[in-house]
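Some notes on the structure that comes next.
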Amino acid sequence: MGSTVNKKIRSRIIGVGAALPKKIVTNKDLAQTIDTSDEWIVERTGIKERRIATTNELTSSLGVEASEIAIKNSGLKNSDIEMIVLATATPDNTFPATATAIQKGLGIKNGYAYDIQAVCSGFVFALESADNAIRLEKIKNALVIGSETFSRILDWKDRSTCVLFGDGAGAVVLQSDSSNTNSGILSNHLHSDGEYKDMLYVDGGPSTSSSVGFLKMDGSGVFKHAVKNLSSVVEEALKYNNLKIDDIDLFIPHQANSRILEAVARKVGMDRNKIIMTLDKHANTSAASIPLALYDAVENRKISKGDLILFLAMGGGFTWGSSLIRW
Ligand code: UT7
C-alpha cells in the first residue's frame, strides 16, 4: 500500500556511504573451482566480479564502515542519529539485531536500532520504515543501511547460485525537511506474496534446522516474477505520482541480473541509459545493492539536485517495492 503520513514533512537523503570487502573474486577465479566460465556468467547475468568478506568482515562491520561515510557526507555527528534501520538477511547472529551492533560500532547511545528482513527488497522496506518515523515527527535524523554477507549462505559447489552473489554495504542518512514538499521521498510502495516463498529461500535457521543453511533458488522462476513485479512497481509509482516514464531521471534498481533489468526496461519503456548498473563489479548484494548503486551514482556525479530517482527492488518472499525520490 502507498503511504502518506504528513504531507508537510519529507525525508531527504543528506548523505550516502558504502563499504566493500577488500577481496575481489572474478568469474575466472570461480571457474578454477566450479564448472563455469566467465563467458557464461557475463552473458547470462552481466556479473564480472564480486567482493567476498573474510572472516573478520561482518555484516555489522561493513555496515559501520558504510554508515560512517554516510554520516560524514551528511555533515551530521553520529550522536545526531536517532534511529538505525538495517536491512539484512545475513545478520551477524540470530539475535540481537545486527543494527544494535552497528549502533555500538558508531558509539550511538540515543534512539533505537532494529533489523528489517525483506531479503533483496530490504532497503526499500527499511527506507519506508524510517521515512514513516520522520513524517510522523517521531525523529528528525535516521540512518538506513543495507548490509549483507551472502557469501556465508552460499553453497560454493552449486554453480547455479554461488556465482550470482557478493558482499557489501550501503547506507543513507535521512533528515526531516519541511522546506519543500515536492522534494525528498515522494512515495513508497511495498508488496509481498508468500505464495512464492519456496522459489528463493535458505534451507536453515533456528526454528527449522540446526544450521544456518544454504541459499536455494528456482532461477528461471524468480527471473519471470522479477520482470513482472519490477515492471508493475514502476507503473504503480508513476501512476501514484502522476508521472510519465520519461519524467524519471534515474532508475536505481536492485542489482540481480542485467537481463532482468533489460526486460523491465523494454516492458515499461525505460531509457536504458537512465538505469544505474553496478552488477558487473558487485554482483547481487541483496539489500545492499541499491545503496551501493546510489553511492556509485553520487560519486560519479550522475545525480543533480532536483532529479527524480526511482528505487525498485524484488526479492525472496516474494517481496517487492519502490521508492520515488526527488534529489
Ligand atoms: O535478487 C533476486 C534473486 N535472484 C535473481 O533475481 C536471479 C534470477 N534468475 C537468474 O538470474 C537466472 O535465472 C540465472 C542467472 C540464475 C540462470 O540463467 P538462465 O538463463 O535462467 O539459465 P538456466 O537456469 O536456464 O540454466 C541454463 C543452463 C543449464 O544447463 P542445461 O540444463 O541447459 O544443460 C544450467 O545447468 O546453464 C547451466 N548453468 C551454468 N553453466 C555455467 C547454470 N549455472 C551455470 C554456471 N555456469 N554458473
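Between the beta carbons of K267 and D198, assuming R0 = 25 Å, the FRET efficiency works out to 0.45 to the nearest 0.05.
Database remark: amide H of F214 closer than 5 angstrom to the amide H of D203, G204 (H placed geometrically; neighbours at sequence offset of 5 or more, or on other chains; Pro and chain starts carry no H). For region 131-181, relative contact order (Cα pairs under 8 Å, six or more residues apart, normalised by length) works out to 45 percent.
Compute a Gaussian network model of the chain, connecting alpha carbons closer than 10 Å, and tell me which residue from S121, S67, S192 fluctuates the most. Comparing S121, S67, S192 in a Gaussian network model of the chain, the most mobile one is S192.
Computed over region 1-71, the convex hull of the alpha-carbon atoms projects to a mean area of 8.5 nm². From the square roots a ≥ b ≥ c of the eigenvalues of the alpha-carbon gyration tensor of region 257-303, which class results: rounded (a/c under 1.5), prolate (a/b over b/c), or oblate? Verdict is oblate for region 257-303.
What the Cβ-Cβ distance of E235 and K77 gives, at R0 = 56 Å and to the nearest 0.05, is a FRET efficiency of 0.85.
Quick one: ranking W320, W327 by accessible area, 1.4 Å probe, largest first, what do you get?
Sorted by accessible area, descending: W327, W320.
Highest GNM mean-square fluctuation among Y114, Y240, Y201, for the chain modelled with Cα contacts below 10 Å: Y240. Dimensions of region 96-135 based on its C-alpha atoms, expressed as ranges along the principal axes with the largest first, amount to 27, 25, 14 Å. When the surface is traced with a 1.4 Å probe over the full set of protein chains, Y295 keeps roughly 50 Å² accessible. With the alpha-carbon atoms of the chain aligned to their principal axes, the span from lowest to highest coordinate is 56, 45, 38 Å, starting with the largest. A simple spin-label model places pseudo-atoms 7 Å from Cα toward Cβ; at R152 and E68 they are separated by 2.0 nm. Computed extension length for N300-S160: 47.2 nm, one decimal, from 0.36 nm per residue of separation with the Cα-Cα distance subtracted. Relative to the current alpha-carbon distance between L136 and K8, full extension at 0.36 nm per residue lengthens the span by 45.0 nm. Looking at region 184-326, the accessible area is 42 square angstrom per residue; that uses a 1.4 Å probe and ignores ligands, DNA and RNA.
With contacts taken as Cα pairs under 8 Å and at least 6 residues apart, the chain reaches a relative contact order of 26 percent. The fraction of accessible area contributed by carbon and sulfur in the chain is 49 percent, rounded to a whole number (1.4 Å probe; ligands and nucleic acids excluded).
Considering only the chain, what is the antiparallel percent among its DSSP beta bridges, to the nearest 5? In the chain, DSSP labels about 70 percent of beta bridges as antiparallel. Loop-located trypsin sites (Lys or Arg not before Pro) in region 1-78 (DSSP state other than H, G, I, E, B) with a sparse environment of at most 10 neighbouring Cβ atoms within 10 Å: K7, K8, K22.
Between rounded, prolate and oblate, where does region 32-79 land on the alpha carbon gyration tensor, with a ≥ b ≥ c its root eigenvalues, rounded for a/c under 1.5, else prolate if a/b exceeds b/c? Oblate is the answer for region 32-79, as a/c is 1.5 or above yet b/c matches or exceeds a/b.
Cross-link pairs exceeding 23 Å between alpha carbons, from the set K28/K157; K22/K72; K28/K267: K28/K267.
The values are calculated or read from the model by the stated rules, or taken from the named source; none is laboratory data. Everything numeric here is computed off the predicted structure, so don't read it as measured data. Ideal geometry is used to build each Cβ from the backbone, glycine not excepted, and the neighbour counts take in all protein chains shown. Areas reflect the complete protein model, heavy atoms only, side chains present, ligands, DNA and RNA absent. Shrake-Rupley method; radii C 1.70, N 1.55, O 1.52, S 1.80 Å.
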